[in-house]
Amino acid sequence: MELKSTSKNKQTRLSTSPYKGTSDSYPEEMFYRNYLFGIWKETAKSFGYEEYDTPLLEEASLYKAKSGEELANKQLYAFTDKGGREIAIRPEMTPSLARVIAAKRKELRLPLRLFNIGKFYRYEKPQRGRNREFSQLNIDILGIEDRTSEVEITQFIIAVMQRLKAPKETYELRISSRYLLDYLYNDILKASEEQKSNITKAIDIFPKISKNNFPKYLKEINLNSEQIKQLEEFLQWNLNDLEEIKEKSKGAKQLLELFSLLDELEINNVKFCPYIVRGLDYYTGTVMEMFDIGGNKNPRALFGGGRYDNLLEIFGEEKLPAFGLGWGDITTLDYLKTYNLLPPYTPNTELFITLMDKEYTKESFRMASFLRDNGINTEVQLEEMKLSKQLDYANKKSIPWVLIMGQEEKEKNKVLLKNMKTSEQLLVSVTDVPAKIG
Ligand code: HAM
């Protein structure tokens, strides 16, 4: 943290800003985040997925193995601990999940349906949809080779979007396959090993670069004019093109199977997009990303995922078919704000007990306990002050109910229950309050 000192005043002052690329969450932001997390969690449970967790710290080597150059080197928060180990703060969940499964491979009953909501850290340039600290829902199914695993996760995605009340015309799930890239490189482009990784990068930037600049870029990475033409054609492919090569390409065959199942289930916010490649090295077959297509405010994917059947091999274990995704909170909250899909902020407190006289403090605490035991979130005034100020506080916090107990009410063993919206007041016994509010 930055230390500031002034020449006049020798005292040092600490900055109140959070570390670059991170943000503090005040109650209102927590409310929105918890709204999203709640929908993720409840939907995952409704599909039979179980929650797990892993440490925030991992050996850095876990990411060097198969996460790819960008994540493992440029974006990793890594340090050497006091014991000389190279440690990283987790930038993603998938390698940790693979480690957890590999450690108990023989004891775990397959298929495994798992989810986690946690924080992750990447050293990135902060911008819309990208921060250095963010949360992700990770949802993964392990032990199923069949396309049914991809269909199930797609059904989950659509269920979440429906629960978020997302209009169908504002989002699109884009799907492709890493196996299709193998066909492109080996059978169409006849690309050298060196060219392959450059072409993958080129395909990744294709949607972000202008039509005119793309061929120039391809020339710069040494593709010949025939290869450039073939690659540009490939990037326009649709499902009919896959039909033509389904006997020769595992990727085409699997994608056709997947799209046919999705079609039968009338899931139609999905599109085959040959330029979806994903940046992480461990993906094997189907890959997917979700985009906001209702405008151009949110260019980043809401989530990304794919199949990673070989990841357990880094622990010397046998392959295990696996498919899943990481769904970011920042990109999704941006999307929900864009379409006004967030519910109005409501504070936790349902009822506020005013304090008219210090002598009534004990009575206030007793009433509060009774109300809380009856399921009402209750806040208590702790210091004596003008009633108007207390009501003003309740009003500003949008607390819907207020209890007032002055001398008159106390003598009658009653309280005044005030509805803050209508200003209606009722003289009731405390024991009747839960029923009145209910
Ligand atoms: P990823 O594409 O690196 O995949 O990240 C998935 C999602 O996390 C992104 O689409 C985005 O919503 C969010 N995200 C990533 N980086 C940032 C950032 N710097 N700021 C804000 N949000 C971010 C993975 O992490 C894979 N491990 C996902 C996965 C799970 N694949 C299979 N299972």
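The values are calculated or read from the model by the stated rules, or taken from the named source; none is laboratory data. Computed from a prediction, not measured in an experiment: that's the story for all the values here. Cβ atoms come from the backbone with ideal geometry, glycine included; neighbour counts cover every protein chain shown.
Look at residue 202 and say whether it is surrounded by 15 or more Cβ atoms within 10 Å (Cβ to Cβ) and in a loop (DSSP other than H, G, I, E, B).
no
Would you call residue 199 without any contact (Cβ under 8 Å) to a residue 60 or more places away in the chain and among the aliphatic types (A, V, I, L, M)?
Taking the combined requirement at face value, the residue satisfies it.
Scan 230, 236 and give me the residue that is surrounded by fewer than 20 Cβ atoms within 10 Å (Cβ to Cβ), more than 24 Å from residue 326 (Cα to Cα) and touching a helix residue (DSSP H, G or I) at 6+ places or on another chain (Cβ under 6 Å).
Sole residue among the options that is surrounded by fewer than 20 Cβ atoms within 10 Å (Cβ to Cβ), more than 24 Å from residue 326 (Cα to Cα) and touching a helix residue (DSSP H, G or I) at 6+ places or on another chain (Cβ under 6 Å): 230.
Looking at (1) touching a residue at least 60 places away in the same chain (Cβ under 8 Å); (2) in a loop (DSSP other than H, G, I, E, B); (3) of a type in the set (S, T, N, Q), which is the one condition that is false for residue 398?
(1)
Could you count how many residues in the stretch 291-329 are assigned to a helix (DSSP H, G or I), of a type in the set (A, V, I, L, M, F, W, C) and either in contact with an Asp or Glu (Cβ under 9 Å, 6 or more places away or on another chain) or away from the ligand (no atom under 13 Å from the Cβ) (or both)?
The number of residues fulfilling the criteria is 3.
Among (1) modelled with pLDDT of 95 or more; (2) aromatic (Phe, Trp, Tyr); (3) closer than 30 Å to residue 72 by Cβ, there is one condition residue 360 misses while meeting the rest; what is its number?
So the condition that residue 360 fails would be (3).
Looking at 271, 219, 208, which one is among the basic types (Lys, Arg), assigned by TED's automatic domain parsing to the domain that holds residue 69 and surrounded by 14 or more Cβ atoms within 10 Å (Cβ to Cβ)?
Sole residue among the options that is among the basic types (Lys, Arg), assigned by TED's automatic domain parsing to the domain that holds residue 69 and surrounded by 14 or more Cβ atoms within 10 Å (Cβ to Cβ): 271.
Going by the conditions given, is residue 36 surrounded by 14 or more Cβ atoms within 10 Å (Cβ to Cβ), touching a Pro at 6+ places or on another chain (Cβ under 6 Å), aliphatic (A, V, I, L, M) and under 25 Å from residue 96 (Cβ atoms)?
No.
Among the numbered conditions (1) at pLDDT 95 or above; (2) acidic (Asp, Glu); (3) surrounded by fewer than 21 Cβ atoms within 10 Å (Cβ to Cβ), tell me where residue 313 comes up short.
Failing condition for residue 313: (1).
Got at least one residue in the stretch 177-189 being in contact (Cβ under 8 Å) with a residue 60 or more places away in the chain, within 30 Å of residue 43 (Cα to Cα), in the same structural domain as residue 93 (by TED's automatic domain parsing) and not polar (S, T, N, Q)?
yes
Among (1) surrounded by 15 or more Cβ atoms within 10 Å (Cβ to Cβ); (2) touching a residue at least 60 places away in the same chain (Cβ under 8 Å), where does residue 360 come up short?
Only one criterion is unmet by residue 360, namely (2).
Does the stretch 251-290 hold any residues that are of a type in the set (Lys, Arg) and either touching a residue at least 24 places away in the same chain (Cβ under 8 Å) or within 15 Å of the ligand (Cβ to nearest atom) (or both), and which are they?
271, 278
Scan the stretch 167-177 and tell me whether some residue there is surrounded by fewer than 22 Cβ atoms within 10 Å (Cβ to Cβ) and acidic (Asp, Glu).
yes
Those residues that are over 13 Å from the mean Cα position of the chain (by Cα), within 24 Å of residue 58 (Cβ to Cβ) and more than 6 Å from the ligand (Cβ to nearest atom), I need them from the stretch 122-136; list them, please.
Correct list: 123, 125, 126, 132.
Select, from 426, 382, the only residue that is at pLDDT 95 or above, part of a loop (DSSP other than H, G, I, E, B) and of a type in the set (A, V, I, L, M, F, W, C).
382
Can you pull out every residue in the stretch 285-309 that is modelled with pLDDT of 95 or more and of a type in the set (S, T, N, Q)?
Of everything in the stretch 285-309, those that are modelled with pLDDT of 95 or more and of a type in the set (S, T, N, Q) turn out to be 286, 298.
Please specify each residue of the stretch 303-339 satisfying the condition of being without any contact (Cβ under 8 Å) to a residue 60 or more places away in the chain, of a type in the set (Lys, Arg) and under 30 Å from residue 106 (Cβ atoms).
Listed by number, the list holds a single entry, 319.
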